[in-house]
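Here the structure comes first, spelled out in structure tokens, and everything after it is commentary.
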Amino acid sequence: MKLKLSTSILLLLFSTLFLVSCECVTKLDTPKVVEPTDFAKVMFINSMPEIDSVDICSVDKIISRNILYDSASVEYKVIASGLTSIRVQSYKDSTIYFNTMLDLTKDAYYTFFAYGTKSRTNGLLINDSIGKAVPTNAYVRFVHLSQDAPEIVFAFGSYQINQPLKYKSYTKFMPIPTGIFTLIINDSGDGSEIIKVENYNFKPGKYYNLLLKGYYKQPNSRKLTCEIIEFTF
């Protein structure tokens, strides 16, 4: 009787120790994807004369597709603010031309210009904010992204802007009178005319990127041009 009791006690103790030492596998939850709640807005411009069309990617997602060199898109894309990746790649075969990190401020507006060549692509990010705008004015900003063009100055008819601009530089937004003007771009060195855009109607409450792009020296694949990109916030 005592032997049976002792045996029963030993079995009970062994079972208890086994259950205590058993580590049960807890339920594994699938990690939750943290969706961004703060955003900035970015307009993307293709200024690369060697590349007809590009895609823009952020965090491995295409956010702007088929951006044409010959026709600027004026659509702002919503992107998570803070530090974010931006990649410029070929629309045709996804060849990567440029990859960088941008630090975007919540609720801010930007324009990103992809420029350069296939072998040496770069990016220029400009903040589009100008403070308090007067609704009866037009606002213009000149951006020089023609790699072989000289330093330039520009004028709206007889209204001269005395701010020389070299490659990869740009002005702040500046107010101009509205109406029809001829945009004249001159070599800042000798004053000779490089190019002009005749009789363009600058409208009240509108914003303009005046983008110098293409090749100054000829013959070349795409000649020098000044694209006037009209947009609003």
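Quick look at the values:
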item: Top-ranked residue of the range 179-222 - restricted to ones that are at pLDDT 95 or above and of a type in the set (S, T, N, Q), ranked as nearest to ASP52 (Cα to Cα); result: ASN209
item: Test set (1) more than 24 Å from LYS217 (Cβ to Cβ); (2) more than 11 Å from the chain's Cα centre (by Cα); (3) of a type in the set (S, T, N, Q) - THR121 fails condition number; result: (1)
item: Qualifying positions in the range 76-96 - within 11 Å of the chain's Cα centre (by Cα) and either on the phi > 0 side of the Ramachandran plot or loosely packed, with under 12 Cβ neighbours inside 10 Å (or both); result: VAL78
item: Unmet requirement for ASN99, which otherwise passes all of (1) exposed (fewer than 14 other Cβ atoms within 10 Å of the Cβ); (2) in a loop (DSSP other than H, G, I, E, B); result: (2)
item: Index of the failed condition, ALA72 passing every other in (1) closer than 20 Å to LEU211 by Cβ; (2) assigned to a strand (DSSP E or B); (3) hydrophobic (A, V, I, L, M, F, W, C); (4) touching an Asp or Glu at 6+ places or on another chain (Cβ under 7 Å); result: (2)
item: Out of ILE62, ILE51, ILE45, ILE67, sole residue that is among the β-branched types (Val, Ile, Thr) and either in the same structural domain as LEU211 (by TED's automatic domain parsing) or under 10 Å from the mean Cα position of the chain (by Cα) (or both); result: ILE45
item: All strands (runs of 3 or more DSSP E) inside the range 115-233 with 1 or more residues being touching a strand residue (DSSP E or B) at 6+ places or on another chain (Cβ under 6 Å) and on the phi > 0 side of the Ramachandran plot; result: 193-202
item: Test for TYR110: is it touching a residue at least 40 places away in the same chain (Cβ under 8 Å), in a strand (DSSP E or B), closer than 27 Å to SER221 by Cβ and not assigned by TED's automatic domain parsing to the domain that holds TYR170; result: no
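Residues checked against (1) free of Cβ contacts under 8 Å to residues at least 40 places away in the same chain; (2) touching a Ser or Thr at 6+ places or on another chain (Cβ under 7 Å); (3) of a type in the set (Phe, Trp, Tyr):
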{"site": "GLY131", "(1), (2), (3)": "yes, no, no"}
{"site": "PHE181", "(1), (2), (3)": "yes, no, yes"}
{"site": "ASN186", "(1), (2), (3)": "yes, yes, no"}
{"site": "LYS196", "(1), (2), (3)": "yes, yes, no"}
{"site": "LEU211", "(1), (2), (3)": "no, yes, no"}
{"site": "GLU230", "(1), (2), (3)": "no, no, no"}
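The values are calculated or read from the model by the stated rules, or taken from the named source; none is laboratory data. Bear in mind the structure is a predicted one, so any value in this text is a computation, not a measurement. Cβ: placed from backbone, ideal geometry, glycine included. Neighbour counts: every protein chain shown.
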